Amino acid sequence: MIGIFGGTFNPIHFGHLRPALEITEALPLQELRWVPSALPPHREEPEVDAQLRLQMVKVAVLSEPRFRVDDRELRRPGPSYTVDTLESLRQELATEPLALLIGMDAFLGLHTWHQWSRLIEMAHLIVMQRPGVYSTAQYRQKMHPDVKALVDQHSVTDARQLHQLKSGKVWFHAVTQLAISATGVRRVIKSGHSARYLTPDRVLEVIEHNRLYR
Ligand code: ATP
């Protein structure tokens, strides 16, 4: 099974890396592809160029052999829709189970994604949940009725079921959530403080070398 983790990664930080590793081991995934978005559809264009965000992801994942960077969204014009990314991956990996990693916060807004109901036709949806904060039942109350219906119809509790199918299931998994956000990292740097231990040193080197977020 191949995992896909998309994001703006402006910059990538340990709040992305640790949960992604835990999912990689729990499923387990043969490989996790990190997919930086060129033009994220849900937010303003990031002030840091996509190539630099890609470079930061590359150096951050260097030491983990199961992590790989995939730059297909940077090679495509227009907004970076996940549905298009899955479609192009599907063309390359016709029979492989695919697992799309999504944070719970992002999952609660799934019904706003471009052609969202097609996502599950091409991949399993892996929802990364905060341990102990809310139960899955409590999260369900926050879900849009259409997302809740998708969960009711497709969720499984046993990860082994995901390996038997190419796509079509939703799996919730509790991961270590670190209260780190890219917004917070940018704010720390802008205020002249150190962002060490929020993101790998190699990422900090790219930030310093290019004088980002100042
Ligand atoms: P920003 O602060 O600029 O909004 P971000 O830190 O949320 O950025 P993104 O690149 O937008 O980073 O996130 C990509 C994915 O990673 C999203 O699915 C998001 O839910 C998830 N994510 C981000 N931060 C964390 C975290 N600390 N723990 C778990 N998941 C996270």
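Please treat every number below as a calculation from the coordinates, not as lab data. All figures in this text were calculated on a predicted structure; none of them were measured in a lab. Note that each Cβ is placed from the backbone with ideal geometry, even for glycine, and that neighbours are counted across all protein chains shown.
Shown for LYS142, LYS148, LYS58: other C-beta atoms within 10 Å of each C-beta, ranked fewest to most, produce the order LYS142, LYS148, LYS58. Rg/Rh for the range 2-179 stands at 0.93; both radii use Cα atoms, and Rh follows the Kirkwood definition.
Here the range 90-201 yields Rg over Rh of 1.05, to two decimals, using C-alpha coordinates and the Kirkwood radius. Under the criterion of Cα pairs below 8 Å and six or more residues apart, the relative contact order for the chain equals 26 percent. Only Cα pairs under 8 Å and 6+ residues apart enter the sum, and on that basis the relative contact order of the range 96-214 stands at 28 percent. Once divided by 2.2 N^0.38 Å, the Cα radius of gyration of the range 55-128 becomes 1.18. Its convex hull of Cα atoms gives the range 1-79 a direction-averaged projected area, equal to a quarter of the hull surface, of 5.1 nm².
Comparing mean-square fluctuations of GLY103, GLY15, GLY192 from a GNM of the chain with C-alpha springs under 10 Å, the top value falls on GLY192. A Cα-only calculation for the range 87-132 places Rg and Dmax at 11.9, 38 Å. Taking the Cα centre of the range 2-179 as origin and assigning +1 to Lys and Arg Cβ atoms and -1 to Asp and Glu Cβ atoms, the resulting dipole is close to 280 debye.
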